[in-house]
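One structure below.
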Amino acid sequence: QVQLVESGGGLVQPGGSLRLSCAASGSIFNIYTMGWYRQAPGKQRELVAIIDSSGITNYATSVKDRFTISRDNAKNTVYLQMDSLKPEDTAVYYCNAQIRRTVWSPTAVTYWGQGTQITVSS
(Lines give C-alpha, C1' and ligand atoms only; values in the text may rest on other atoms or scores of the structure.)
Protein backbone atom coordinates (compact mmCIF):
# COMPACT_ATOMS: atom_id res chain seq x y z
CA GLN A 1 0.00 0.00 0.00
CA VAL A 2 1.00 3.59 -0.59
CA GLN A 3 0.34 6.39 1.85
CA LEU A 4 0.92 10.12 1.62
CA VAL A 5 1.28 11.79 4.99
CA GLU A 6 1.20 15.56 5.23
CA SER A 7 2.59 17.71 7.99
CA GLY A 8 3.27 21.36 8.71
CA GLY A 9 -0.18 22.87 8.62
CA GLY A 10 -1.53 25.28 11.15
CA LEU A 11 -2.42 28.86 11.94
CA VAL A 12 -0.25 31.71 10.72
CA GLN A 13 -0.59 35.48 10.54
CA PRO A 14 -0.81 37.30 7.22
CA GLY A 15 2.66 37.79 5.82
CA GLY A 16 3.97 34.77 7.66
CA SER A 17 5.43 31.55 6.37
CA LEU A 18 4.79 27.85 6.62
CA ARG A 19 6.46 24.81 5.19
CA LEU A 20 4.41 21.76 4.29
CA SER A 21 5.86 18.31 3.92
CA CYS A 22 4.38 15.21 2.36
CA ALA A 23 6.10 11.87 2.64
CA ALA A 24 5.14 8.91 0.50
CA SER A 25 5.63 5.45 1.92
CA GLY A 26 4.81 1.88 1.02
CA SER A 27 5.41 -0.10 -2.13
CA ILE A 28 6.90 2.40 -4.57
CA PHE A 29 8.90 1.82 -7.70
CA ASN A 30 8.94 5.39 -8.88
CA ILE A 31 7.23 8.67 -8.14
CA TYR A 32 6.51 10.86 -11.12
CA THR A 33 4.64 14.08 -10.57
CA MET A 34 4.11 15.35 -7.04
CA GLY A 35 2.06 18.34 -6.13
CA TRP A 36 -0.15 20.29 -3.82
CA TYR A 37 -3.80 21.15 -4.21
CA ARG A 38 -6.03 23.17 -1.95
CA GLN A 39 -9.71 23.55 -1.28
CA ALA A 40 -11.18 26.56 0.44
CA PRO A 41 -14.66 26.48 1.99
CA GLY A 42 -17.32 26.63 -0.70
CA LYS A 43 -14.81 26.39 -3.52
CA GLN A 44 -13.53 23.67 -5.80
CA ARG A 45 -10.21 22.00 -5.25
CA GLU A 46 -7.50 23.76 -7.22
CA LEU A 47 -3.94 23.07 -8.19
CA VAL A 48 -1.39 25.03 -6.19
CA ALA A 49 1.91 23.69 -7.48
CA ILE A 50 3.36 20.61 -9.12
CA ILE A 51 6.84 19.28 -9.71
CA ASP A 52 7.78 16.49 -12.06
CA SER A 53 10.57 13.96 -11.80
CA SER A 54 12.92 16.27 -13.68
CA GLY A 55 12.33 19.12 -11.28
CA ILE A 56 10.16 21.18 -13.61
CA THR A 57 7.59 23.14 -11.66
CA ASN A 58 4.29 24.82 -12.33
CA TYR A 59 2.37 27.14 -10.05
CA ALA A 60 -1.04 28.64 -9.84
CA THR A 61 -0.91 32.30 -10.75
CA SER A 62 -2.19 33.26 -7.32
CA VAL A 63 0.80 31.73 -5.53
CA LYS A 64 3.59 32.32 -8.01
CA ASP A 65 6.56 34.17 -6.49
CA ARG A 66 5.29 33.36 -2.99
CA PHE A 67 5.29 29.57 -2.86
CA THR A 68 8.09 27.20 -3.75
CA ILE A 69 7.65 23.50 -4.37
CA SER A 70 10.56 21.11 -4.05
CA ARG A 71 11.17 17.41 -3.58
CA ASP A 72 13.67 15.08 -2.02
CA ASN A 73 13.63 11.92 -4.08
CA ALA A 74 15.75 10.01 -1.58
CA LYS A 75 13.04 10.58 1.02
CA ASN A 76 10.05 10.33 -1.33
CA THR A 77 9.00 13.68 0.03
CA VAL A 78 7.60 16.83 -1.51
CA TYR A 79 7.66 20.21 0.19
CA LEU A 80 5.78 23.44 -0.20
CA GLN A 81 7.42 26.54 1.19
CA MET A 82 4.75 29.19 1.61
CA ASP A 83 5.85 32.77 2.15
CA SER A 84 3.95 36.05 2.33
CA LEU A 85 0.79 34.19 3.20
CA LYS A 86 -2.53 35.89 2.65
CA PRO A 87 -5.96 35.22 4.16
CA GLU A 88 -7.00 34.02 0.71
CA ASP A 89 -4.54 31.14 1.11
CA THR A 90 -6.71 29.67 3.85
CA ALA A 91 -7.71 26.19 2.77
CA VAL A 92 -7.17 22.52 3.29
CA TYR A 93 -4.02 21.59 1.42
CA TYR A 94 -3.78 18.15 -0.13
CA CYS A 95 -0.66 16.35 -1.21
CA ASN A 96 -0.84 14.52 -4.52
CA ALA A 97 1.50 12.09 -6.18
CA GLN A 98 1.52 9.93 -9.27
CA ILE A 99 3.22 6.70 -8.32
CA ARG A 100 4.24 3.60 -10.19
CA ARG A 101 4.25 0.79 -7.67
CA THR A 102 6.37 -1.74 -9.55
CA VAL A 103 8.38 -1.97 -12.74
CA TRP A 104 5.54 -4.08 -14.15
CA SER A 105 2.79 -1.62 -13.37
CA PRO A 106 1.38 -0.39 -16.69
CA THR A 107 0.62 3.11 -15.49
CA ALA A 108 1.10 5.42 -12.57
CA VAL A 109 -1.67 5.74 -10.02
CA THR A 110 -2.73 8.97 -8.38
CA TYR A 111 -2.66 9.10 -4.59
CA TRP A 112 -3.91 11.76 -2.22
CA GLY A 113 -3.00 12.73 1.29
CA GLN A 114 -5.64 13.33 3.94
CA GLY A 115 -5.20 17.09 3.85
CA THR A 116 -3.82 19.61 6.28
CA GLN A 117 -5.53 22.83 7.33
CA ILE A 118 -3.82 26.14 6.64
CA THR A 119 -5.44 29.15 8.25
CA VAL A 120 -4.06 32.62 7.59
CA SER A 121 -5.59 35.06 10.04
CA SER A 122 -4.75 37.81 12.48
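The values are calculated or read from the model by the stated rules, or taken from the named source; none is laboratory data. All figures in this text were calculated on a predicted structure; none of them were measured in a lab. We place every Cβ from the backbone using ideal geometry, glycine too, and count neighbours over all the protein chains shown. We work out accessible area using only protein heavy atoms, side chains counted, and drop any ligands, DNA or RNA first. Shrake-Rupley method; radii C 1.70, N 1.55, O 1.52, S 1.80 Å.
Numerical summary
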{"quantity": "For the range 41-56, 3J(HN,Hα) per residue [Karplus equation, 6.51 cos²θ - 1.76 cosθ + 1.60, θ = phi - 60°, Hz, x = Gly/Pro]", "calculated": "x, x, 10, 6, 5, 10, 6, 9, 7, 9, 9, 8, 5, 8, x, 6"}
{"quantity": "Surface per residue (accessible, 1.4 Å probe) for the range 4-113, Å²", "calculated": "53"}
{"quantity": "Assigned charges on the beta-carbon of Lys, Arg, Asp, Glu; the chain dipole about Cα centre (debye)", "calculated": "180"}
{"quantity": "Spatially proximal lysines relative to residue 75 (Cα-Cα < 27 Å; intrachain offsets below 8 disregarded)", "calculated": "64"}
{"quantity": "Protection proxy ranking of 25-35, 40-50 - average other beta-carbon atoms within 10 Å, highest first", "calculated": "25-35, 40-50"}
{"quantity": "Selected from 47, 106, 77, residue furthest toward positive end of dipole (the chain; charges at beta carbon)", "calculated": "106"}
{"quantity": "Mean separation of Cα contacts under 8 Å, 6 or more apart, over the residue count of the chain: relative contact order %", "calculated": "37"}
{"quantity": "Apportionment of accessible area to carbon and sulfur, the range 70-117, percent (1.4 Å)", "calculated": "50"}
{"quantity": "DSSP bridge pairs, the chain: antiparallel proportion in percent, nearest 5", "calculated": "95"}
